[in-house]
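Single-structure report; data block below.
What follows is calculated from the coordinates using simple rules that are stated; it is not laboratory data. This one's a predicted model, so the numbers in the text were calculated from it and none came from an experiment. Methodologically, a virtual Cβ is constructed for each residue, glycine included, from the backbone with ideal geometry; neighbour enumeration extends over all protein chains shown.
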């Protein structure tokens, strides 16, 4: 619908108005007619078009009715202010002239433009720029939270700084153009302003390009406490360039959409606010933070170096170099002995049509590794985001070994091309129990594009989902398998060993924990504990099947036993092989120290056999002393930054 | 998709499980096989069905693979606990028996049922009961906020009381049934519980029918601080009846949906929570509060009786009795001189398939009339809701003369069958100015079904939209007309009078304010003030055209002049005729005291002429001394309770 504006005229008076090309001015001819007017005529200069409603067959003069309206339009901008004219002449019953109302018109063209078609280029006046629609046929511009830091020393996140002084920072922002065309000057008192709502003001920053300076220094013109900004009208055909950044990620109280308005203001009665006679609106969505599943190509592996983990690092280095990627070390001065690289942070990324960069989500866990994400990772094109648990108790379930993401799945016809986030929680019927903090859960839900699934992980002593599950790539079916720890599969393997005459074979051979297969199988209490663990994992198995649309054939049970601690929560009985690192076709598995048959470990052999069918190469990494004994394994002690999805999140149909 | 549950079996062990009809139990045959098992056979009692995956052509025994699963179902409830059986026998390579795993099964039927098809009757196990969909083909049950009071004395809203003791209260609630079928008793340790989330707990109350008592006294079983409730299993085929009430209206932090879960819990390892092996879910939407436009049939008219408003009451009584409806008087002991019946409250209603009743929205204005809505209106089948402005300044814009609703409209193809709410605000570009409080605006937006339109009313001294607009029924076009105050139409009429020789005719004849048409027309300042007022109204006119999909032909300009007070805000120059009461085809208009021509008032004649075309009868009510001089008129001093829409809100496509 064409935007309409009611304009008053007065008989005997010349009214000066500014007209915006593309709109329609409506004049109530009857309302301003002198008494006893019976008919009227309209004259105008060549650039002005008008229609009369109701339509009439009469040529001249036209009959004046209570419903006589003029619809006035112009096709292009005026060369000079007040250069175009329209007059309405009123006639009495003998066609005598009773009065004349005159309009002086100044036409201008205005549009506030963004990349609403998502091709990385700002087009002109996109018809859909004021709304946002998901999907491949969707529309609406996209903002990145400018959460990286162009500075390496004395750094702050760029979105905390109210000016732009580095050209590299511009790449993180979305371009916005104000295009105007018209006479050299606007009639007196008219103004063009950009404005945002109070509620959007903390969520974006808008900077204006200043061509007059020799050094780059663009000021913030809209943002916190800056709700409106007068833009200088420069005359002729001109463009004013703005750069827009996101300043907050979507969250529980922020669905992610922000609106920027441009208004042309007309002077009003002194003491009253100017009237907006034309408003153009653009909408941006702040890009969500996206996690990367094990099936995406690894780029970098992060581990901690500690006094006692030489054996682990050796195994990891060999594995990582075999994959042809880089291993990044966090040294003891930074990690202060905290080796749980998986738990302090989660790697993800943000993406817009014009740019994309990795973003680390810093956990509220805040162990001794807590400074690493900000101090070591944040930098140029490496963003940072965290959530602080102000009023909540942080538990072990806030470590990001308890935050994973599935590969892409389809569930009952609903497609999740970016997979689904997986978190561990207290049991749904438990009145108490540990949980991931609400601030982090709310953040994850609010990103929308990887709709989370809540599992039950509070049955574990440490309480992380990576203690009983992982995903590995597969050449067939859905492109992956879900691996689940399975005490039943463990007992089956041990019973088979016994049956085959290997009952005396020993786990943990040569260590003080050394124990025979027979001894394990004769421990009734251990069997009961594992039955309980299996039922906990089976409960999660059913949830995962339902929420990820999996069949039993998509799941592989790994032979892993658990035992219960005094508080009745479970820990792995031997190195928890499901807690692996997945690097393409190479997987790094905690060396299980299982019973040896013919000189080779029966657990390793079983793992190799299960994963070989998927074309995966197993490397067993000795994490016994430095990780397993501290209740973590290979996955807990490492982290992988991966390539973003090829799929663009805005093409989701939400 | 059928709900699946993974069940463990063990060779040499009998496992007892409860099965819920309609679900599927999955048994991993391989996982529990004794070592060296090569094949297996399955036997079961007649009530049990099973399928084997992967499907096999072999008859007996069946080859055992790593992916051998049983899918077990039963068609109906068991007569006795553990009466049904299934066994898996494992065989070695020479078909020798290696072991047998036995399942004892107890099948039960469970469903939690509501009126998800919205016909007023609770059907059995509606397939869509766990979700809510708008529209004529939608589904999902509906709750009323139980905001009336069954008590007339010492009253409280029913939803504040944690028991039901009056049978009339049951009509305000939605029935919910738990239907079960099974053996006389559940196997030991199994429990059925109803449960709700913490966040829903303040939003609903669930009461359980107790047939054992001779007097009606149903306890609250779910609600604030009562998140779960164990329901006694009674055996055989039985129904347990619950009554559910809403306790909060939709609001900014509450989209209106609540979920009630029913879980069957299986005993687990001692010290651990029971495991839910089956969960049934129902969803309700809390019915929104709905306003009634002027085009709906009036039922009751409310006015205040004060020391000085005899003249007004006389006019109103005549009008109301002509309409054949009741006039309800609020006397001085209650109104304490506050005559602004329009401003303290707004009438609306709530509706569910089973019941509907009126609900008054009490304004945070809280003038001397503040006790009237609660003390006089709240009662059996008359609900009450209010919003308290805890941290906000309440202004004149919070009076409900500033809250109206349009008749049904269609805007660019989008249908609003319940019309759109209209509120008055500060001007969008003004950095300051009065506004309706956020709590009230949030409440109105959250009702969703009458999507609000914000107008600019802060240019008025009092600041209410009913000072410049109203809607009247019409036999043609969209079924109504928008009436707008128009200073231009006023000046046109006065100039016409002057031209016709009535320049000496006097407004306010015989009063101290008496003034001639000539004198009015020669007041340049008044003309300028009215030009400003016209531009303010025209701005609103353009918004209303756009947001209600109106054309100029849907709007009638009424000849009304304004003047500006010292603070530059406008008040009506003579009784503001647009501030009328609309009762079907009869409208009560403030008597304007306009200039007389041939003995009759020219303004009244013009109004009659304009409205006669719509088939409306005008009654002019003298509100000059008791209302107009106090800056209000007929509409401000009255309120109308109307019939609900025939259209059901849940049939909206939102």
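Observations on the structure shown:
- Inter-site label distance for residue B:299 and residue B:213 at 7 Å from Cα along Cβ, in nm: 3.1 nm
- Divide the volume of the convex hull around the Cα atoms of region A:3-108 by the residue count and you get 91 Å³ per residue.
- Cα gyration tensor shape of region A:111-183, rounded if a/c is under 1.5, else prolate or oblate by comparing a/b with b/c: oblate
- Inter-label distance for residue B:133 and residue B:356, nm, one decimal - labels placed 7 Å from Cα along Cα-to-Cβ: 2.4 nm
- Order by protection proxy (mean Cβ within 10 Å, highest first), peptides B:159-165, B:238-244, B:570-576: B:570-576, B:238-244, B:159-165
- Residues listed by number, region A:27-49, amide nitrogen under 12 Å from residue A:2 label point at 7 Å toward C-beta: A:27, A:49
- On Cα atoms only, tilt of A:310-322 relative to the major axis of chain A in degrees: 60 degrees
- Each peptide among A:413-420, B:617-624, B:323-330 gets the average number of other Cβ atoms lying within 10 Å of its residues, and from highest to lowest they stand as B:617-624, A:413-420, B:323-330.
- Relative contact order (%) - chain B, alpha-carbon pairs under 8 angstrom, separation at least six: 11 percent
- In terms of other Cβ atoms within 10 Å, B:134, A:289 run from fewest to most in the order B:134, A:289.
- Sites residue A:568 and residue A:197, calculated FRET efficiency, Cβ-Cβ separation with R0 60 Å, nearest 0.05: 0.70
- Between helix A:602-612 and chain A: long-axis angle, C-alpha atoms, 0 to 90°, nearest 10: 40 degrees
- In whole angstrom, region A:115-286 maps to an equivalent ellipsoid with semi-axes of 26, 20, 17, each derived as √(5λ) from the alpha carbon gyration tensor and ordered largest first.
- Nearest-0.05 FRET efficiency for residue B:46 and residue A:257, computed from C-beta distance (R0 45 Å): 0.15
- Sorted ascending by nearby beta carbons within 10 Å, beginning with the fewest, A:436, A:176 become A:176, A:436.
- For region A:279-402, relative contact order (Cα pairs under 8 Å, six or more residues apart, normalised by length) works out to 23 percent.
- Region A:535-600 and region B:601-654: distance between their alpha carbon centers, rounded to Å: 74 Å
- For region B:362-380 and region A:246-263, distance of Cα centres in Å: 39 Å
- Compared with the dominant Cα axis of chain B, that is its longest principal axis, helix B:487-497 is turned about 30°.
- Contact order relative to length of region A:115-286, as percent, for alpha carbon pairs under 8 angstrom and 6 or more apart: 27 percent
- Within the protein assembly as shown, the percentage of alpha carbon pairs spaced more than 58 angstrom apart rounds to 33%.
- What the Cβ-Cβ distance of residue A:152 and residue B:336 gives, at R0 = 45 Å and to the nearest 0.05, is a FRET efficiency of 0.05.
- Global geometry of region B:409-538, whether rounded, prolate or oblate, following the gyration tensor of its Cα atoms and the 1.5 cut on a/c: prolate
- The order of B:278, B:60, A:468, B:494, going from fewest to most other C-beta atoms within 10 Å of their C-beta, is B:60, B:278, B:494, A:468.
- Rounded if a/c under 1.5, otherwise prolate or oblate - region B:384-459, Cα gyration tensor axes: oblate
- The distance separating the Cα centre of region A:122-198 from that of region B:391-423 comes to 33 Å.
- Computed [θ] at 222 nm, deg cm²/dmol, chain A (DSSP H ≥ 4; -39,500 (n - 2.57); rounded to nearest 500): -4000 deg cm²/dmol
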